[in-house]
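The values are calculated or read from the model by the stated rules, or taken from the named source; none is laboratory data. These numbers come from a predicted model, not from an experiment. Glycine gets a Cβ as well: all are built from the backbone with ideal geometry, and neighbour counts include every protein chain shown. Quick note on the areas: whole protein, heavy atoms, side chains included, nothing else; ligands and nucleic acids left out. Shrake-Rupley method; radii C 1.70, N 1.55, O 1.52, S 1.80 Å.
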Amino acid sequence: MVKIVERKCTITRSPEFEKKTLATHALNVGVLCGHGCLYCSTPATLRMKTSLFPEYEGSAFKAFAAGEAIVDPTTPDRLGRELAALKPTDTVMLSTLTDAWSPEAQEFNLGRKCLEKLLRESKARVRILTKNAAVANELNLLAEYRDRVILGLSITTPLSKAKVAEVLEPRASTIQERLDALQAAHEAKVPIFGMLCPCLPGVADRQEDLDEMMSMIRPFEPVAVWAEPVNARGPGLALCQEALVSAGFIRIANEVRFIRGEREHRDYTARLIGNLNVAAAGAGLKSLLKILVYDDGGRFSGDASSVIWLKC
Ligand code: SF4
């Protein structure tokens, strides 16, 4: 189900993504993304927007669980004066809360239209983050502006566990399709960044998982690699657990259930940081690694040289 809305906002400053060293500004093409990743944290940001979801008792979580997507086809048309105001040192992230190449965004060609306006009518850099290989349709444009654009397709499982991604990210491209899109972009000399997020327990947190994931992205010569533990807030982990059980991934479902406790989540995060450090070092990517953690780091005693503590 796709709902059409017309919003007022376009490009916004994003202190959160600035702290993550990903971008200074954000541009989203809608409100709720149709890829339907079960761990998605966007519905949690829509708690106060009850008027958007009258059919779901005002709940973004219920709308998302029902497979609803909310897209704003007017987004590119409303990009105007703020484009000229952007500086060459600014980076606009397309997108932060939705995906500009999700199926409903593709219907209106929103990723392409926004990208063209950003690149042709502003001086800012553009960082694309998507889980859809359809972004490869824009390779000519990306290659033309390769000095101002950087592309990432989230890698959430090693290839050896790609079936799990199909359960947890039901309408996103497969992991192999994302790698193929990255390969095509790399061949077109488009700069690439790595995004290993979220690193779910039992899927992308063990040493062998992370070694495999680093070796999957290393051939694309990423300029940086971000990684992040899964967020434990909201119903995301419970939804993942339920879907994993239904698909027969019982052991992974149990691991997901286990980290729902606060202390267990902290321990999982600490282990993940250690394993990411080792995997990145093994792949020769340690100096490029940035691990995003929603904590102040006060209780962490390991190697935090690659960690960005988001609560500091
Ligand atoms: S692609 Fe991103 S925004 Fe879309 S559902 Fe998945 S996590 Fe949410």
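Values computed for the structure shown
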read-out: Average accessible area per residue (Å²) across the chain - probe 1.4 Å, nucleic acids and ligands excluded; value: 44
read-out: Cα centre as origin, Lys/Arg/Asp/Glu Cβ charges: the range 131-309 dipole, Debye; value: 240
read-out: Rg/Rg_ref, the chain, where Rg_ref = 2.2 N^0.38 Å and atoms are Cα; value: 0.95
read-out: GluC sites (Glu not before Pro), loop per DSSP, at most 16 other Cβ atoms within 10 Å - longest free stretch of the chain; value: 58-312
read-out: For the range 172-211 versus the range 266-312, the gap between their alpha-carbon centres in whole angstrom; value: 18
read-out: Non-local Lys pairs in the range 73-159, i.e. 8 or more apart or on different chains, that have alpha carbons under 20 Å apart; value: 4
read-out: Pairwise centroid distance, computed over Cα atoms, of the range 134-159 with the range 71-133, Å; value: 13
read-out: Over the range 131-309, relative contact order from alpha-carbon pairs under 8 Å, at least 6 apart, %; value: 21
read-out: Calculated FRET value between Lys189 and Lys87, using beta carbons and R₀ = 22 Å, to 0.05; value: 0.30
read-out: Neighbour-limited loop hits for trypsin sites (Lys or Arg not before Pro), the range 1-43 (at most 12 other Cβ within 10 Å; DSSP other than H, G, I, E, B); value: Lys8
read-out: DSSP-defined antiparallel bridges as percent of all bridges, the chain, nearest 5; value: 15
read-out: Cα shape, the range 131-309, gyration tensor, a/c 1.5 rule; value: oblate
read-out: Of all accessible heavy-atom area on the chain, the percent that carbon and sulfur account for (1.4 Å); value: 52
